[in-house]
Amino acid sequence: MTVELGHYVAVSGVIFGLGVIVALGKRNAVAVLMGVELMLNAVNLLLVAFARFGAAFANDAAALSGHAFVIFVLTVAAAEAAVVLAMAVLVYRRRETVELDRITLMRW
Amino acid sequence: MSSDATSRPLPAAPRPATPMLRQILEQPTLRRAFRGAPLPVRLALVVVALGFLAVNVAIGALVVSGRLDGHWYDFRDLGNATGGLAAWLDDRGLGPWLSYWVTALIGGLGILSFVGGVLLIGTWVERRLLAKFQIRRGPNRVGPFGLLQPLADALKLIQKEVLVPLGADRRLFFLPPILVFIPAMLGWGPVPWAPRMAYLDINVGLVYVVAISSLAVLAIFIAGWSSNNHYALLGAMRTVAMMVSYEIPVSISLLSVVLFTGSLQLSEIVAWQATHNTWLAMILPFALFTFFFSSTAEINRTPNDIAEAESEIVAGFHTEYSGMKAGLFLAVELGNALLVGALVATFFLGGYTLFGLEEWVPPYLILAGKISAVYFVFVWLRGTLPRFRLDQLMGYAWKFLIPLSIAFVGISAVEASIFARADLPGLVVLGAFGVVNAVLTVVLVRFWARIAGYEAPQGDLAQPRLTTTVGGLRAAQRLRITR
Amino acid sequence: MDSTGIVVGFWVLAAVTIAGALGVIAARDLLHAIFFLIVSFLGMAGLFITLSADFIAVAQVLIYAGAISVLLVFAVMLTPLVSRDNGNSLYIAPGALAGLALAALVVFVAVDADWAQLSGDALAARSFPDTAATIGELLVGRYVLAFEVASVLLLFALLGAIVLVHERRDDDAAAARAEDGAAGDEEAA
């Protein structure tokens, strides 16, 4: 049997779904960030799979624009992780907790 | 007490000019051992030495006569033998994957056996060499000249009881020795030993090496955290902070290398140094120093070994590990030192080439010699320099090495673009770059050090005087040996 | 891509990655969850290698498994022991439903759609001989604006993270109090 684009898209979808479960269903802020990272990973996989299999690219360099996009996603993910974790530490200093159920100051 | 002392002849006062060097050079251990051995042993040693010489001369004659060129038994490049085996297997028609797997297995086993063998010898070399630097003998009990000491160490560690501390995370506790061994082995993949002997000759070898070294950080953290020991956890956090900080100067100094050679592939970097008949160490001295020093921090060796500072934090992250688990940590420290030696040799010292000598001498022997030279410098640093404090280390990385590395990458970028466009002979241009970089290194380092607030020590440092009598400083003063 | 090696590699690596993601959900301790996440990252790097994306694979290992994971670990170390149990929030049930529905939708589309993909010879012809150089040319050629914006973003993220967690040291606080005291004296005088 062969491995085709559909397989990679399916794996990417499964990992994205699992990332959604982690991001929506966990109490700790750091765990929510882990879910977001899983989602970004799934998107990276999708981009690279289309760069490899996609029929719409004129040549190799155009196909590698998918890889360039993945580099940007990696960059933004790292920057976002740094800022989110800094905020989590700051929230812990003020509120003595990082559980999202307890940080309800801005709720209705 | 003074009457006792005056009845013995007083030892001569050591001369202030390098007394340690004289003592090191004047040790006639080998000559005395040879004269003290019985006659059959001496004859056997002489026969073995002459035989070794004869074999080398025969091999040299064979190589010079050119009868080896192009055959599969050309041992100057072991890739010829494996390539011949792969071709033979392909001719048998058993499938294209068989030759691939067989050559992959041979290469992997070769790397494992080489690294394992050198680990055994390296333990002995390190302890005896360290002892030489500290003017004492190393292990000399276990075999002739202590040569069986690594074997004794291994046997001792194997038979030790492996204790898992109470409350430690059992499932995670046995992982770190394995996890820290994997990057130490994987890093050897891209290193080219000969033109046809690079096991994992990937296009992104340089980034692969940096990525593998960043995996070792996690293993150390798991070791510290799963030990259920405050000191182990503290040691692990300090180590992780240090290793993560020093990954940045490693990457930035390797950027200068990539700018000149134009490729991330390690065999291409070595080929560039061969075709341009130069070593990147001569062109990029600051990159060499930064890579070397940051790698000592990456592998937790003195002067950057706050991880397992034997006098400070018990044993850091591997406090709770006993038996062969601790043995694996120690072995990995040595293996990592050899790996860094191989990387320094590949990136900066020309790899397996030696200005054309690699046609006659097998290139893997040249690379092994360079690895030994870099390892010697590692042991030299360990025997000479005291340990840096953690805040000194971190300040040095962030405030000194990183800004200067970035400045030098900028300078290297300018030079590389000049080199790519100039029509002058390559050696002239590269020589000019070498001189300019050396001058800029000195100037920028002094300038930045002054900005960072470092002041040179005022006046002359007093030379230490060795007092060789018992009784300490007071007794030596009384005997008028020292002031 | 029909060689046995790639097929076996794909299924094994996909299983490892998904198992890692499941481990993040099911782990009882937050640090165990981070280690499962690292396994998932490494599996993803393997999937990138099956897609001939060598530079992206080593960049994934370097950035995700080497740096972001360490960042997560440090954040967990700096936050309290009380909430380290990787517990589920109130929205776990609708969250799980949403995630599973999304995954099912994407899997159905992936399996059922007629993708406009290369196969066979055309697929083998696109072999990416030199990804790093081409990505570099793209980054400073066609996507230079995004590249510059990303570098500015990294700078702001770095500065922001430092400013956010920077604690006023005692001498800074004392200097601030002295300033306030001097301003108060000036007002009074």
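Read-outs throughout are calculated quantities, based only on the coordinates presented, and are distinct from any laboratory measurement. Everything numeric here is computed off the predicted structure, so don't read it as measured data. As a convention, Cβ positions derive from the backbone with ideal geometry for all residues, glycine included, and neighbour counts pool all protein chains shown.
Values computed for the structure shown
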read-out: Footprinting exposure proxy for B:H318, B:H230, B:H276 (fewest neighbouring C-beta atoms within 10 Å first); value: B:H230, B:H276, B:H318
read-out: Pairwise FRET efficiency - B:A131 versus B:N56, Cβ, R0 = 25 Å, nearest 0.05; value: 0.25
read-out: Anisotropy class of the range A:5-102 from Cα gyration tensor, a/c 1.5 cut; value: oblate
read-out: Cα-based shape type of the protein assembly as shown, given that a ≥ b ≥ c are square roots of the gyration tensor eigenvalues and the cut on a/c is 1.5; value: oblate
read-out: Between the range B:360-382 and the range B:412-442, the alpha-carbon center distance in angstrom; value: 27 Å
read-out: Relative exposure of B:Y73, B:Y352, B:Y375, judged by other C-beta atoms within 10 Å (fewest first); value: B:Y73, B:Y375, B:Y352
read-out: Check: chain C dipole with +1 on Lys, Arg Cβ and -1 on Asp, Glu Cβ, in debye; value: 820 debye
read-out: Candidates C:A116, C:A59, C:A146: whichever shows maximal mean-square fluctuation once chain C is modelled as a Gaussian network with Cα springs under 10 Å; value: C:A116
read-out: Label-point gap, in nm, between B:I182 and C:L78 - each point 7 angstrom along Cα→Cβ; value: 2.8 nm
read-out: Percentage relative contact order, chain A, counting C-alpha pairs under 8 Å, at least six apart; value: 26 percent
read-out: Extension gain, B:S417 back to B:E359 (0.36 nm per residue minus Cα-Cα distance, nm); value: 17.7 nm
read-out: Estimated [θ] at 222 nm from DSSP helical runs (n ≥ 4, -39500 (n - 2.57)) normalised by residues in the protein assembly as shown, nearest 500; value: -22500 deg cm²/dmol
read-out: Mean-position separation - Cα centroids, the range A:52-108 and the range C:27-57, in angstrom; value: 16 Å
read-out: Simple Cβ-charge dipole of the range B:351-455, Lys/Arg +1 and Asp/Glu -1, about Cα centre, in debye nearest 20; value: 500 debye
read-out: Residue order, fewest to most beta carbons within 10 Å, for B:F355, A:F57; value: B:F355, A:F57
read-out: Net dipole in debye of the protein assembly as shown [+1 Lys, Arg Cβ; -1 Asp, Glu Cβ; about Cα centre; nearest 20]; value: 3680 debye
read-out: Full-stretch length increase - B:I406, B:L147 - with 0.36 nm per residue and alpha-carbon distance subtracted; value: 88.7 nm
read-out: Label zone at A:L90 (point 7 Å along Cα-to-Cβ), backbone N below 15 Å, the range C:128-168; value: C:156-168
read-out: R0 of 56 Å, Cβ-Cβ distance B:F447-C:E137: FRET efficiency to nearest 0.05; value: 0.95
read-out: Whether the range B:55-179 is rounded, prolate or oblate, judged on the alpha carbon gyration tensor where a/c under 1.5 counts as rounded; value: oblate
read-out: Selection from B:P165, B:A368, B:F348, by position along the positive dipole direction of chain B (Cβ); value: B:P165
read-out: Relative contact order (percent, whole number), chain C, Cα cutoff 8 Å, 6+ residue spacing; value: 18 percent
